Amino acid sequence: QAQLVESGGGLVQSGGSLRLSCEASGLTFSSYAMGWFRQAPGKEREFVAAISRGGYNTAYADSVKGRFTISRDNAKNTVFLQMYSLKPGDTAVYYCAARNSPLIAMRYRDFNYWGQGTQVTVST
């Protein structure tokens with residue numbers, strides 16, 4: 001049974017940084033493209049970033065481009081989301097997702113497995 005477990009969320013002041021981690025188990029991690037999504041209260045889940053299975057290709061939502069960096073360590077079955085210059089608008093539950101494909105995707109329906117989410121709250 002595939003399992004994704006996020007960690008690293010928390011409360012941070014505007015302009016601060018956080019690093020999210022997502023450790024995968026029960027799947028061949030290096031065969032999966034990975035992604036991060038987020039969902040704020042009353043809003044739909046939205047794409048944040050994605051990375052190909054080898055880590056060579058990445059994609060970002062325009063709202064986070066230049067502030068967030070996605071990376072992965074296939075030896076540790078872990079994907080990361082480094083977040084800088086955080087804004088109150090980044091406040092959301094952040095979800096890790098795995099896609100059984102070498103290719104990046106940006107639609108939530110293209111991902112096969114999801115974590116339980118980790119809360120990120122950015123205060124003014």
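The values are calculated or read from the model by the stated rules, or taken from the named source; none is laboratory data. Computed from a predicted structure; not experimentally measured. Positions of Cβ are backbone-derived with ideal geometry, glycine not excepted, and every protein chain shown enters the neighbour counts. Calculation scope for accessible area: heavy atoms of the full protein, side chains included, ligands and nucleic acids excluded. Shrake-Rupley method; radii C 1.70, N 1.55, O 1.52, S 1.80 Å.
Remarks
- Surface composition of the chain: carbon and sulfur atoms hold 45% of the protein heavy-atom accessible area at a 1.4 Å probe.
- GNM flexibility winner over the chain from Gly35, Gly66, Gly55 (Cα, springs under 10 Å): Gly66
- The aspartates and glutamates whose alpha-carbon is closer than 19 Å to the alpha-carbon of Lys76, local same-chain residues fewer than 8 away aside, are Glu6, Glu23.
- Segment Ala105..Tyr56, full-extension length gain: 16.2 nm, with 0.36 nm per residue of separation and the alpha-carbon distance subtracted.
- Sorting Glu6, Glu46 by accessible area puts them as Glu46, Glu6; the probe is 1.4 Å, largest comes first, and only protein heavy atoms count.
- nm² value of the averaged projected area, convex hull over the Cα atoms of the stretch 1-64: 5.7 nm²
- Accessible area per residue, Å², the chain with all protein chains present, probe 1.4 Å: 51 Å²
- Where Rh is the Kirkwood radius over Cα pairs, Rg/Rh for the stretch 1-109: 0.94
- When only the Cβ of Lys, Arg, Asp and Glu is charged (+1, +1, -1, -1), the dipole of the chain relative to its Cα centre reaches about 140 debye.
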